[in-house]
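S.K.: Structure incoming, see below.
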Amino acid sequence: MNHSVWISGLGVISSIGMNTNENIDSLRNEKSGVGYPEFLHTLHKKDFPVCEIKKSNDELAEIAGMRKELPRTTYLSSIAAQEAIKDAGIQLEGSSFRIGFISANTLGGMDTSEFFYEEFLKDNTQGHLRQVINHECGSITELVAKHLGIRHFVTTISTACSSSANSIIHGSRMIKHDMLDIVIAGGADALCRFTLNGFNTLMILDTEPCKPFDENRKGLNLGEGAGYVVLVSDKVKTALGLKTYAKVSGYANANDAFHQTASSPEGNGNYYAMSQALEMSGLNTNDIDYINAHGTGTSNNDSSEGIAIERLFGNTIPMVSSTKANTGHTLGACGGIEAVYCCMAMSQNIIYPSLRISTPIKELNFIPVASLIESHDVKHVMSNSFGFGGNCTSLIFSKA
Amino acid sequence: MAVFINGIGSISGQLFDTRHSLQEFESHDTNRITCKEPDYKDLVPPMQLRRMSRVVRMGVASAKAALKDAGIEKPTIITMGTSYGCLADTEVFLSKLLTQDETMLTPTSFIQSTHNTVSGQIALMIGCHGHNFTYVHRGHSFETSLQESIMWLNEQEDINVLIGGVDEMTMHSFEIMSRFGTFKKEHDAFDIPSEGTIAGEGANMFVVSNQQNDHTYAEVLDVCMCMTEDVSTQLDHILSKNNLNASDINVCFVGVNGDNRYDEEIFNNVSSLSNATFAGFKKWCGEYPTSGAFALTLASTMLYTKHLPEQFILSNSKQPTDFNYVLIYNHYKNQYHSFTLLKKLSN
């Protein structure tokens, strides 16, 4: 059970880049993907800015090398997972290792189901069945796993906004238990009407570009994307002579048990997740160099998360930033995307700035990083993801 | 580390007590089985109950029933499986969104549509701050939660893990799946050899632990999952890993679902279990992605009471002479296959 888990490959697609390098360049250059949607089919096109990937479904299908008319999340998942595998330099076909694909998403094929339903509601004999056949979250994973040629172990996790961070936990745990040797872990979610309208009913969508950790934050911008890491065991790392970005040194999932959609004011679940992850890593609070916060830009999240960070770290609060001002909140993808960002922060010795903070949150005693920090030896990073259902996850990565 | 089932809460097409011998179940002569919901008042406070949609109600109540059955207030960890999540809430929000042109929407159904609503609501109701996962991998959703619970029990001693499988069938999902040819004709019963299965749903929750006690139903030795091409290797694997021969299995619950396109093949996949009594379960719960959880309820009840009524035994099979080892072989759409291996308590 004491096997180490290493990260050997990274893959990401988001509104700020089609791959890891493009994403990191955008983060370095404070580029944001926020703007009005071109491809999302909604009547709210001019009401809410979103962080959309500026490619049509057909263009994404071609990049992914998959057939057309599948849910958009399938393509995002496939593109980022393929990049991660290629980056790791692992040949899956014919490999004697036990390989798993643990992916997350929260909406499955909802984007195509929306079109099906429009016709079905008028007449239940109508609507193209191909638009609803991949409705289940698990269908997306199944399609991508088949495309990647992975069948030893495949599963899907859906715990709202912490989903893909939880994929990384489960992948790491399966390697520690010697049940798998290699796991491609992360998640994906595409924009759709369902989530845009859903978050709108909660009145937590900002009508302007979001500003996480600003006193006057007004809510989040929804985003889309996918992020995956390739997790490998010691045995695989040595046998294949793989490069490693980081070691998964700690993780924990805890439940806030406070409210279905809101965080407790004192951030209990956030605190439990962070403190238990830290305990597992065996590190001290002052060992953490950077926290990539969940930092959605909602009044509730940023305040609860900030308070929980202060409770845990006291007077030695690490550098903190949220990259959701760049990417928007990508829901089931954010834990995977931000895990990639954390690995790259360590590999390039940089800390990303938190955009658009003009007045830091008054009730908090720390100010997030406002401009890019370079040449900083980033050894240990914490990545937070918190979701509906009180689902709180914290991951700790350590420089390899 | 041994894994014991210490509590069960089951809501299905049948009302029965898992602490008593299985009785003859009522047969259905339609292509759809809906859950018989129990009286919830002893399980969930009425105020909370009113705010819950049907699937959340079934999930939360069966979880509470499992905890009560195990004699504990709160588990350490919660891990669930659901393929469809909260379908009715999803449909309500989606329908309104489309018919009201994305205006005048209210948050309730959106909030409850998240796939982890059941596991989150259980945590909220009992104040459980532990690890809380939800797997949504079609016909493997429940088995993955069972597999995860075994991992936890290998990591930590003296903990209780609440696991379960929950899925609902709605009018819309029934209509849509009917168009795919999933179900039999309306008045074809389960036993009529025809194309299609019968629709089902259910919520089955379990408390599993390292500790055997007076409440313990059975021991879980192993669970494994695979896709169609790996079924025979996985069966060999789970037996050999647990030092068993095919002839050691006394009872095998098989996920035959009345669909004459698959049933023979499914049955053939386990025909090497030479001494096994084959028993069915989908006739009483219908077909749904987490039906494996209902099979685990039946198998556990059988192991606890050492009794299997004739009604469950598939044709050409004899009454079991013993209940030492029980295997559940389930499949969903002949794509998602799983094996769950149970053992009688050694006392």
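Where a number appears in this text, it was derived from the coordinates with a stated rule and is not lab data. Because the structure is predicted, anything quoted here is derived from the model rather than measured. Here Cβ is always computed from backbone atoms with ideal geometry, including for glycine, and neighbour counts include all displayed protein chains.
S.K.: With both bridge residues required to lie in region B:219-343, what share of the DSSP beta bridges run antiparallel, to the nearest 5%? Can you show the working numbers first?
M.R.: On the way: 17 of 25 bridges.
Around 70 percent antiparallel, to the nearest 5.
S.K.: Which whole-number percent is the relative contact order of chain B (Cα, under 8 Å, 6+ apart)?
M.R.: Numbers: 804 pairs, mean separation 89.3, N = 347.
For chain B, the relative contact order is 26 percent.
S.K.: Let me ask something else about it. Under 12 Å from the Cβ of A:Ile361, count the other residues' Cβ atoms, weight Lys and Arg +1, Asp and Glu -1, and hand me the total. Each step should come with its number before you reach the end.
M.R.: Values: positive: A:Lys211, A:Arg217, A:Lys362; negative: A:Asp214, A:Glu215, A:Asp302, A:Glu305, A:Glu310, A:Glu363.
Value of the local net charge: -3.
S.K.: Give the separation of the Cα centroids, region A:229-245 to region A:263-312, in Å.
M.R.: Going from one Cα centre to the other spans 29 Å.
S.K.: Something else now. Over chain A, calculate the relative contact order: mean separation of alpha carbon pairs under 8 Å at least 6 apart, over the residue count, as a percent.
M.R.: Details: 1098 pairs, mean separation 91.7, N = 400.
Dividing the mean separation by the residue count of chain A yields 23 percent.
S.K.: Using the basic label-point model (7 angstrom from Cα toward the beta carbon), what is the A:Asp287 to B:Asn260 distance in nanometres?
M.R.: That separation, rounded to one decimal, is 6.6 nm.
S.K.: How big is D for region A:63-208, in µm² s⁻¹ as a whole number, if Stokes-Einstein is applied with the Kirkwood radius of its Cα pairs at 20 °C and 1.002 mPa s?
M.R.: On the way: Rh = 16.4 Å.
Here the translational diffusion coefficient equals 131 µm²/s.
S.K.: Enumerate the amide H contacts of B:Thr277 below 5 Å, restricted to partners 5 or more residues apart or on another chain; note that Pro and chain-start residues carry no placed amide H.
M.R.: B:Val251, B:Cys252
S.K.: Hey, if you put +1 on the Cβ of every Lys and Arg and -1 on every Asp and Glu Cβ in region A:57-138, which of A:Ile85, A:Ala64, A:Ser113 ends up farthest toward the positive end of that dipole?
M.R.: Checking the options against the dipole of region A:57-138, the answer is A:Ile85.
S.K.: So, one more: Which whole number gives the average, over all residues in A:39-48, of C-beta atoms from other chains lying within 10 Å of the residue C-beta? If you can, show how the numbers build up before the last one.
M.R.: Values: counts 0, 0, 0, 2, 4, 2, 0, 0, 1, 0.
Other-chain Cβ atoms within 10 Å of each residue's Cβ, averaged: 1.
S.K.: A further question follows. What is the gain in length, in nm to one decimal, between A:Ala262 and A:Lys86 on full extension, counting 0.36 nm per residue of separation less the C-alpha to C-alpha distance? Show your work: numbers first, answer last.
M.R.: Numbers: separation 176, 0.36 × 176 = 63.36 nm, distance 3.88 nm.
Difference between extended and current length: 59.5 nm.
S.K.: Could you line up A:Leu242, B:Leu273 from fewest to most neighbouring Cβ atoms inside 10 Å?
M.R.: Details: A:Leu242 18, B:Leu273 23.
Sorted ascending by nearby Cβ count, the order is A:Leu242, B:Leu273.
S.K.: When the Cα centres of region A:350-400 and region A:152-176 are compared, how far apart do they sit, in Å?
M.R.: That distance is 22 Å.
S.K.: A further question on this structure: Please give the Cα centre distance for region B:157-173 versus region B:8-47, rounded to the nearest Å.
M.R.: 15 Å
S.K.: Rounded to the nearest 20 debye, what is the charge dipole size of region B:3-209 about its Cα centre when +1 sits on each Lys and Arg Cβ and -1 on each Asp and Glu Cβ? Could you put the intermediate results ahead of the total?
M.R.: Values: 16 positive and 26 negative charges, 102 e Å.
The calculation lands at about 480 debye.
S.K.: So for B:Asp167, A:Asp287, B:Asp89, B:Asp188, fewest C-beta neighbours within 10 Å to most, what's the order?
M.R.: On the way: B:Asp167 26, A:Asp287 16, B:Asp89 23, B:Asp188 19.
Least to most surrounded, the residues fall as A:Asp287, B:Asp188, B:Asp89, B:Asp167.
S.K.: Looking at chain B, send over the antiparallel percent of its DSSP beta bridges, to the nearest 5. Let's see the in-between values first.
M.R.: Values: 35 of 56 bridges.
Just about 60 percent of them are antiparallel.
S.K.: With the crude spin-label approximation of a point 7 Å out along Cα→Cβ, what separation in nm comes out for B:Asp230 versus B:Leu105?
M.R.: 3.8 nm
S.K.: Which value, in debye to the nearest 20, describes the size of the charge dipole of region A:210-260 about its Cα centre when Lys and Arg Cβ atoms bear +1, Asp and Glu Cβ atoms bear -1, and nothing else is charged? Mind dumping the intermediate values first?
M.R.: Details: 7 positive and 5 negative charges, 56 e Å.
In total the dipole reaches around 280 debye.
S.K.: Normalising by the residue count of region B:66-147, find the relative contact order in percent from Cα pairs under 8 Å and 6+ residues apart. Please report the intermediate quantities before stating the final value.
M.R.: Working: 105 pairs, mean separation 37.8, N = 82.
Computed over region B:66-147, the figure is 46 percent.
S.K.: Please list, in order along region B:239-252, the HN-Hα scalar couplings obtained from phi with the Karplus expression 6.51 cos²θ - 1.76 cosθ + 1.60 (θ = phi - 60°), rounded to whole Hz, x for Gly and Pro.
M.R.: Whole-Hz 3J(HN,Hα) from phi for region B:239-252: 6, 5, 4, 9, 6, 10, 9, 4, 6, 7, 6, 8, 9, 10.
S.K.: Sticking with this structure for a sec: From the Cα gyration tensor of chain B, with a ≥ b ≥ c the square roots of its eigenvalues, which class applies: rounded if a/c is under 1.5, or else prolate if a/b is larger than b/c, or else oblate?
M.R.: Values: a/c = 1.71, a/b = 1.20, b/c = 1.42.
Cα axes put chain B in the oblate bin.
S.K.: Rounded if a/c is under 1.5, else prolate if a/b is larger than b/c, else oblate: which is region A:250-399, with a ≥ b ≥ c the root eigenvalues of its Cα gyration tensor? Can you show the working numbers first?
M.R.: On the way: a/c = 1.38, a/b = 1.21, b/c = 1.15.
Cα axes put region A:250-399 in the rounded bin.
S.K.: If you restrict to DSSP beta bridges whose two residues both lie in the protein assembly as shown, what percentage is antiparallel, to the nearest 5? Let's see the in-between values first.
M.R.: Numbers: 77 of 119 bridges.
In the protein assembly as shown, DSSP labels about 65 percent of beta bridges as antiparallel.
S.K.: Okay, moving on. For the protein assembly as shown, what log10 I(q)/I(0) values come out of the Debye formula at q = 0.06, 0.08 1/Å, with one point per alpha carbon and no solvent?
M.R.: Here log10 of I(q) over I(0) equals -0.32, -0.58.
S.K.: Using a 10 Å cut-off on Cβ to Cβ distances, tally the other chain neighbours for every residue of B:222-230 and report the average as a whole number. Write down the numbers at each step before the final one.
M.R.: Details: counts 0, 0, 1, 3, 4, 6, 0, 1, 2.
Other-chain Cβ atoms within 10 Å of each residue's Cβ, averaged: 2.
S.K.: With a ≥ b ≥ c the root eigenvalues of the C-alpha gyration tensor of region A:1-43, is it rounded (a/c under 1.5), prolate (a/b larger than b/c) or oblate?
M.R.: Details: a/c = 3.69, a/b = 2.01, b/c = 1.84.
Here region A:1-43 falls in the prolate category.
S.K.: I would also like to ask the following. From the helices alone, meaning DSSP H stretches of at least four residues, give me the mean residue ellipticity at 222 nm for the protein assembly as shown, per-run term -39500 (n - 2.57), in deg cm²/dmol to the nearest 500. Show your work: numbers first, answer last.
M.R.: On the way: 23 runs with 248 residues, N = 747.
Calculated mean residue ellipticity at 222 nm is -10000 deg cm²/dmol.
S.K.: With point charges of +1 on the Cβ of Lys and Arg and -1 on the Cβ of Asp and Glu, referenced to the Cα centre of chain B, which listed residue (B:Val231, B:Met1, B:Thr216) lies farthest in the positive direction of the dipole?
M.R.: B:Thr216
S.K.: What whole-number volume per residue, in cubic angstrom, does the convex hull of the C-alpha atoms of chain A give?
M.R.: Working: hull volume 49.5 nm³, N = 400.
Cα convex hull per residue, to the nearest whole number: 124 Å³.
S.K.: To continue, here is another question. Taking a threshold of 21 Å on the Cα-Cα distance, which of the pairs A:Lys218/A:Lys324; A:Lys54/A:Lys86; B:Lys64/B:Lys96 fall above it? Mind showing how you got there, number by number?
M.R.: On the way: A:Lys218/A:Lys324 14 Å; A:Lys54/A:Lys86 23 Å; B:Lys64/B:Lys96 32 Å.
Check vs 21 Å cut-off fails for A:Lys54/A:Lys86; B:Lys64/B:Lys96.
S.K.: Please rank A:Tyr352, B:Tyr135, B:Tyr304, fewest neighbouring Cβ atoms within 10 Å first, as an exposure proxy.
M.R.: Values: A:Tyr352 27, B:Tyr135 34, B:Tyr304 22.
Ranking A:Tyr352, B:Tyr135, B:Tyr304 by Cβ neighbours within 10 Å, fewest first, gives B:Tyr304, A:Tyr352, B:Tyr135.
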